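Visitor: The structure follows.
Throughout, read-outs are computed from the coordinates displayed, never taken from laboratory work. Note that this is a predicted model, so its numbers are computed, not measured. Cβ sites come from the backbone with ideal geometry, for glycine too, and all protein chains shown count toward neighbours.
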Amino acid sequence: MSLAEGIRKHGFKKWYERELLQSHAHMVLAFLAVVGLFAAFEAASQFKGLADQAFNLGAGLLCAAIGLWGLRRYLRLLSKAEAAAHQADCPHCGTYGRLELVRADASGDEVEVRCRKCGHGWHMSA
């Protein structure tokens, strides 16, 4: 979900919370894929037929691909959320996360926001 859509739908704090939860779910997926990769290595160490070895190799490659995808997605979502969180303090009054969306670009990741407490506006990017 883009920063603009998240602020518009849920508010900044809820958007930030959802992004963190989604990123950590991808971290859990990456961890489970690593466990599956180790299981495939363990099963491959025992000599079996050629079909079993090919299946173990395929399972290992699949787990590695899923793990890398999950880790990459985790880092991307986490860095996006943290970058936005560092810009969520009002430069005028210091209030954190009480924003309203004023304007957004086409991608939704470059936004102009306004503080709900003092009305000061500034630009944020995710």
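Visitor: Using DSSP to define loop residues, name the chymotrypsin sites (Phe, Trp or Tyr not before Pro) in region 30-122 whose beta-carbon has at most 14 other beta-carbon atoms within 10 Å.
Guide: Sparse-neighbourhood loop chymotrypsin sites (Phe, Trp or Tyr not before Pro): Phe47.
Visitor: Sticking with this structure for a sec: Grab the other residues whose beta carbon is less than 10 angstrom from that of Gly108, score K and R as +1, D and E as -1, and report the net.
Guide: Its environment carries a net charge of -3.
Visitor: Now for a separate question. For every helix of n ≥ 4 consecutive DSSP H residues, a contribution of -39,500 (n - 2.57) applies; sum these over the chain, divide by its total residues, and give [θ] at 222 nm rounded to the nearest 500 deg cm²/dmol.
Guide: Numbers: 3 runs with 78 residues, N = 126.
So the calculated ellipticity at 222 nm is -22000 deg cm²/dmol.
Visitor: Select from the chain the helices, each a whole stretch of DSSP H, whose alpha-carbon atoms run 24 Å or more along the helix axis and whose Kyte-Doolittle mean is at least -0.5; answer none if there are none.
Guide: 12-45, 50-85
Visitor: By how many nm would the segment from Lys14 to Ser45 lengthen if fully extended, with 0.36 nm per residue of separation less the alpha-carbon distance?
Guide: Fully extending the segment from Lys14 to Ser45 adds 6.5 nm.
Visitor: I would also like to ask the following. Under a Cβ-Cβ cut-off of 14 Å, what is the net charge of the residues other than His26 that fall near it, where Lys and Arg count +1 and Asp and Glu count -1?
Guide: +4
Visitor: Which aspartates and glutamates have a Cα less than 19 Å from the Cα of Lys14, not counting those fewer than 8 places away in the same chain?
Guide: Of all the aspartates and glutamates, those that pass the test against Lys14 - Cα under 19 Å, at least 8 places apart if same chain - are Glu5, Glu82, Asp89, Glu100, Asp109, Glu110, Glu112.
Visitor: Next up: How long is the gain from Ala25 to Ser107 if the chain were fully straight, where each residue apart is worth 0.36 nm and the alpha carbon distance is subtracted?
Guide: 27.1 nm
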